[in-house]
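Here's the structure we're looking at; comments come further down.
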Amino acid sequence: MDLIHADLLPWGGSLVPHRQGTIAHKRLFEGCAGSPDNFSLTLAREQPDYFSPRHRHNWDQVRFCLRGSVPVGKALTLDAGEVGYFPEGVRYGPQEGGIEREVLVLQFGGASGQGYMTPDQTLAGREALLLQGVFEGGVFKRPPGTGKQNQDAYEAIWQQIFGQPMNYPKGLYKAPVIMRTPLFPWRSLSAWPGVREKALGCFPARGLTLRFLALDPGANLQLASSSCKHLVFVCEGQGKVNSQPYQTHTTIQCAPAEPLQFQAETRTELFVIQLALLG
């Protein structure tokens with residue numbers, strides 16, 4: 001188990017400078033470059049001037065809006081408390097306007113097995129492309145006669161890093177899945193007194209399960225070991241997990257087959273991501 005107290009981390013610079021506008025990041029956990037299971041878990045603080053054009057990816061993404069509201073398409077927002085699943089190959093955007101927001105963002109290799117480019121690879125690819133053209137409005141623009149003149153910025157960076165065009169898988173969904181989380185019911189877990197679950201969904205193509213868990217003060221909970229990775233974000237509360245203290249916005253990653261034992265001192269709410277391994 002790895003544990004980090006996100007509130008104690010300083011805000012860093014943008015990990016997506018190929019887009020337009022103001023955004024700051026906290027890097028929480030990352031996987032292994034080159035692996036189909038590679039991932040990046042970050043906190044993002046986005047300003048209203050942040051802009052990303054309508055686009056798609058060859059990997060999956062989960063967003064949990066902690067504060068504010070994220071515009072993710074024409075007349076479509078991800079509001080505070082809501083969770084969105086953005087599958088590979090599915091277009092969304094443009095992301096523009098709105099209000100300041102903070103978002104927990106998980107990006108990870110999709111079922112197509114193409115993996116996920118690390119933030120450092122993305123930054124390096126952008127620097128290399130600046131020798132060939134310019135980034136404007138989330139688009140990479142090349143001079144005439146030097147290749148595709150206008151290309152999605154991230155797609156251009158992927159092509160620069162891997163030396164081949166991006167292969168977009170056909171999306172299994174027509175649009176991102178936005179979950180109105182506050183409307184989902186809580187259900188008591190009979191095996192764990194004082195513990196309730198709010199199940200959001202299971203997306204089988206990638207072995208992704210999303211849910212919230214709430215613990216009353218003094219309640220205990222063990223997340224069973226499995227063949228999946230667990231990522232846990234403490235929405236609120238204090239207590240201990242595997243004898244280590246947690247607090248609001250503590251973030252935990254747990255390898256497959258490693259149990260997590262929670263002991264709540266105050267009311268605790270957890271956002272739990274369970275993710276199967278590909279390779």
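The values are calculated or read from the model by the stated rules, or taken from the named source; none is laboratory data. Just so we're clear, the structure is a prediction, and the values are computed from it rather than from any experiment. Heads up, the Cβs are rebuilt from the backbone with ideal geometry, glycines too, and the neighbour counts pull from every protein chain shown.
Filter the stretch 115-149 down to residues that are among the polar types (S, T, N, Q) and touching a helix residue (DSSP H, G or I) at 6+ places or on another chain (Cβ under 8 Å) and give me whichever is nearest to T22 (Cα to Cα). The qualifying residue nearest to T22 (Cα to Cα) is T122. Here P182 meets the list (1) part of a helix (DSSP H, G or I); (2) without any contact (Cβ under 8 Å) to a residue 60 or more places away in the chain almost entirely, failing just condition (2).
Among the listed residues G89, G34, which satisfies the condition of being closer than 18 Å to W158 by Cβ and surrounded by fewer than 16 Cβ atoms within 10 Å (Cβ to Cβ)? Steps first, please.
Working: G89 fails: surrounded by fewer than 16 Cβ atoms within 10 Å (Cβ to Cβ).
Every option except G34 fails the conditions.
Examine the stretch 88-96 for a residue that is among the hydrophobic types (A, V, I, L, M, F, W, C) and outside any loop (DSSP other than H, G, I, E, B), and state whether such a residue exists.
Here is the first cut: in the stretch 88-96, the ones among the hydrophobic types (A, V, I, L, M, F, W, C) are 90.
Pick out the ones that are also outside any loop (DSSP other than H, G, I, E, B) and you get none.
Checking the stretch 88-96: not a single residue is among the hydrophobic types (A, V, I, L, M, F, W, C) and outside any loop (DSSP other than H, G, I, E, B).
Return yes or no: is E258 touching a strand residue (DSSP E or B) at 6+ places or on another chain (Cβ under 9 Å), in a strand (DSSP E or B) and charged (D, E, K, R)?
Numbers: touching a strand residue (DSSP E or B) at 6+ places or on another chain (Cβ under 9 Å): yes; in a strand (DSSP E or B): no; charged (D, E, K, R): yes.
No.
Of all the residues in the stretch 205-218, those that are buried (at least 21 other Cβ atoms within 10 Å of the Cβ), farther than 14 Å from Y246 by Cα and free of Cβ contacts under 8 Å to residues at least 60 places away in the same chain number 2. When restricted to residues that are part of a strand (DSSP E or B) and among the acidic types (D, E), the stretch 75-86 contains 1.
Of these, R211, R206, which one is in a strand (DSSP E or B), closer than 24 Å to Y85 by Cα and basic (K, R)?
On the way: R206 fails: in a strand (DSSP E or B).
None of the other options fit; the residue is R211.
Being on the phi > 0 side of the Ramachandran plot and either in contact with a Leu (Cβ under 9 Å, 6 or more places away or on another chain) or not basic (K, R) (or both) holds for only one residue in G84, G34, G110, and it is G34.
Of all residues in the stretch 220-279, count the ones that are charged (D, E, K, R), within 20 Å of the chain's Cα centre (by Cα) and at pLDDT 95 or above. Explain how you work it out, then say what you get.
Filtering the stretch 220-279 for residues charged (D, E, K, R) gives 229, 236, 240, 258, 265, 267, 269.
Cutting the leftovers down to within 20 Å of the chain's Cα centre (by Cα) gives us 229, 236, 269.
Cutting the leftovers down to at pLDDT 95 or above gives us 236, 269.
Qualifying residue count, the stretch 220-279: 2.
Just wondering, is there one or more residues in the stretch 157-170 that are more than 19 Å from G89 (Cα to Cα) and either in contact (Cβ under 8 Å) with a residue 60 or more places away in the chain or of a type in the set (A, V, I, L, M, F, W, C) (or both)? Checking the stretch 157-170: at least one residue is more than 19 Å from G89 (Cα to Cα) and either in contact (Cβ under 8 Å) with a residue 60 or more places away in the chain or of a type in the set (A, V, I, L, M, F, W, C) (or both). Flag set for V72, criterion: in a strand (DSSP E or B) and touching a residue at least 40 places away in the same chain (Cβ under 8 Å). Tallying residues that are surrounded by fewer than 20 Cβ atoms within 10 Å (Cβ to Cβ) and either assigned to a strand (DSSP E or B) or at negative phi (or both) within the stretch 222-251 yields 15.
Matching residues to (1) part of a loop (DSSP other than H, G, I, E, B); (2) surrounded by 21 or more Cβ atoms within 10 Å (Cβ to Cβ); (3) not acidic (D, E):
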| position | (1), (2), (3) |
| --- | --- |
| S112 | yes, no, yes |
| G115 | yes, yes, yes |
| L123 | no, no, yes |
| A128 | no, no, yes |
| L131 | yes, no, yes |
| F135 | no, no, yes |
| P143 | yes, no, yes |
| T146 | yes, no, yes |
| A156 | no, yes, yes |
